[in-house]
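S.K.: Mind having a look at this structure? Questions to follow.
The values are calculated or read from the model by the stated rules, or taken from the named source; none is laboratory data. Nothing here was measured: the structure is a model prediction, and the numbers come from that model. Positions of Cβ are backbone-derived with ideal geometry, glycine not excepted, and every protein chain shown enters the neighbour counts.
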Amino acid sequence: MCGVNRVSKFVKESFEELKKVQFPNKKETLRLTGYVIGISLVTGVLVTLLDYLFKEFLTFIITK
């Protein structure tokens, strides 16, 4: 019975915490989504560029 009480307490406390959450409005959500997409694109370009440079560097070393 002790396990049921702990689960019940956990669920009750979880709902109490969920009531305190402040969700962003539409404008803020779009702004933050734009940041995530922008940073993801920049990171993807950087990784692609570094991958290409390392490939060319290793190809140069191996063929010489």
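S.K.: Does the stretch 22-35 hold any residues that are surrounded by 10 or more Cβ atoms within 10 Å (Cβ to Cβ), in a helix (DSSP H, G or I) and not hydroxyl-bearing (Ser, Thr, Tyr), and which are they?
M.R.: The answer is 28, 30, 31, 32, 34.
S.K.: Would the stretch 7-17 turn up any residue that is of a type in the set (Gly, Ala, Ser), surrounded by 10 or more Cβ atoms within 10 Å (Cβ to Cβ), at pLDDT below 95 and assigned to a helix (DSSP H, G or I)?
M.R.: yes
S.K.: In the stretch 45-57, is there at least one residue being surrounded by fewer than 10 Cβ atoms within 10 Å (Cβ to Cβ) and assigned to a helix (DSSP H, G or I)?
M.R.: Looking for residues that are surrounded by fewer than 10 Cβ atoms within 10 Å (Cβ to Cβ) and assigned to a helix (DSSP H, G or I), one finds none in the stretch 45-57, hence no.
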